[in-house]
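See below for the structure under consideration.
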Amino acid sequence: MRTTATRARRPNLVGLCCAGAMLLTGLATANAESAAELGLEGIWATGGSLVELKQNGETLNMIVIALEEPFDRDGTPLKDVNNPDEARHGDPILGLDLLRKYRFKKGRWQGKIYDPETGKTYDSRMKLNKEGQLEMRGYIGTPLLGKTKKFKPISVCREDMIVMLNNSNITGYCGQ
């Protein structure tokens, strides 16, 4: 006759096998869902800036590559003056990577995004919407209380995008 204590020590092999299978399925899905396969890689425009989104191993980078107004009043390139780390205040905005620990988890790309306008970092996730725009949701705690920003693909070639491309000497887009 077994006691309750004996039963508690025996592993549940069915449960372990199911958990292992789910873990392996999750890993396979994560490897199959690259940013390029999802249509996320490329140059995107929003609010006076162009960013390049690219996968680097298992993470994503979102680099600021152009600004509609890249200089301050004195003609100096904009710096990351709102960064909470004072040692980073001299870092230029152009070339800044906005994403931190961005990985494919639970069926989506998610991690943290840095906002150089406020110096704050938010939890974030992204997806491509039905209109072909990149939707990025930034939030603190829960996505329900967050804000979604939409990025348009550079292929749209709006006037402001062309100005930013020209200002940054980026060619090969919008008929340049």
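Report, by residue number, each residue of the stretch 41-66 that is assigned to a loop (DSSP other than H, G, I, E, B) and either touching a residue at least 60 places away in the same chain (Cβ under 8 Å) or at positive phi (or both).
Kept after step one, since they are assigned to a loop (DSSP other than H, G, I, E, B), are these residues of the stretch 41-66: 41, 47-48, 57-58.
Across the stretch 41-66, the qualifying residues are G47, G48, G57.
What number of residues within the stretch 67-81 are open to solvent by less than 70 Å² (accessible area, probe 1.4 Å) and on the phi < 0 side of the Ramachandran plot? Walk me through how you get there before you give the answer.
Taking the stretch 67-81 and keeping what is open to solvent by less than 70 Å² (accessible area, probe 1.4 Å), we get 67, 70, 72, 75-78, 80.
Applying the additional criterion that residues be on the phi < 0 side of the Ramachandran plot yields 67, 70, 72, 76-78, 80.
Here the count works out to 7.
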Q.
Quick check on my filter: what residues within the stretch 130-155 are free of Cβ contacts under 8 Å to residues at least 40 places away in the same chain, within 28 Å of I170 (Cα to Cα) and of a type in the set (V, I, T)?
A. T148
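Condition check ((1) polar (S, T, N, Q); (2) modelled with pLDDT of 95 or more; (3) open to solvent by 70 Å² or more (accessible area, probe 1.4 Å); (4) under 15 Å from the mean Cα position of the chain (by Cα)) across all residues:
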residue: K112; (1), (2), (3), (4): no, yes, yes, yes
residue: D123; (1), (2), (3), (4): no, yes, no, yes
residue: G138; (1), (2), (3), (4): no, no, no, yes
residue: K147; (1), (2), (3), (4): no, no, yes, yes
residue: V156; (1), (2), (3), (4): no, no, yes, no
residue: M164; (1), (2), (3), (4): no, no, no, no
residue: S168; (1), (2), (3), (4): yes, no, no, no
residue: T171; (1), (2), (3), (4): yes, no, yes, no
**Q.** Residue ID - most open to solvent (accessible area, probe 1.4 Å), chosen from residues in the stretch 82-102 that are of a type in the set (A, V, I, L, M) and closer than 28 Å to P153 by Cα
**A.** L94
Q) What's the number of the condition K105 fails, among (1) crowded, with 17+ Cβ neighbours inside 10 Å; (2) within 19 Å of E58 (Cβ to Cβ); (3) not hydroxyl-bearing (S, T, Y)? A) (1)
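Regarding the stretch 90-100, can at least one residue be identified that is under 28 Å from D160 (Cα atoms) and in contact with a Phe, Trp or Tyr (Cβ under 7 Å, 6 or more places away or on another chain)?
Yes, the stretch 90-100 contains at least one residue that is under 28 Å from D160 (Cα atoms) and in contact with a Phe, Trp or Tyr (Cβ under 7 Å, 6 or more places away or on another chain).
The values are calculated or read from the model by the stated rules, or taken from the named source; none is laboratory data. Keep in mind the model is a prediction, meaning the values are calculated, not measured. Positions of Cβ are generated from backbone atoms using ideal geometry, with glycine treated the same way; all protein chains shown enter the neighbour counts. Ligands, DNA and RNA are excluded from the accessible area calculation, which covers all protein heavy atoms including side chains. Shrake-Rupley method; radii C 1.70, N 1.55, O 1.52, S 1.80 Å.
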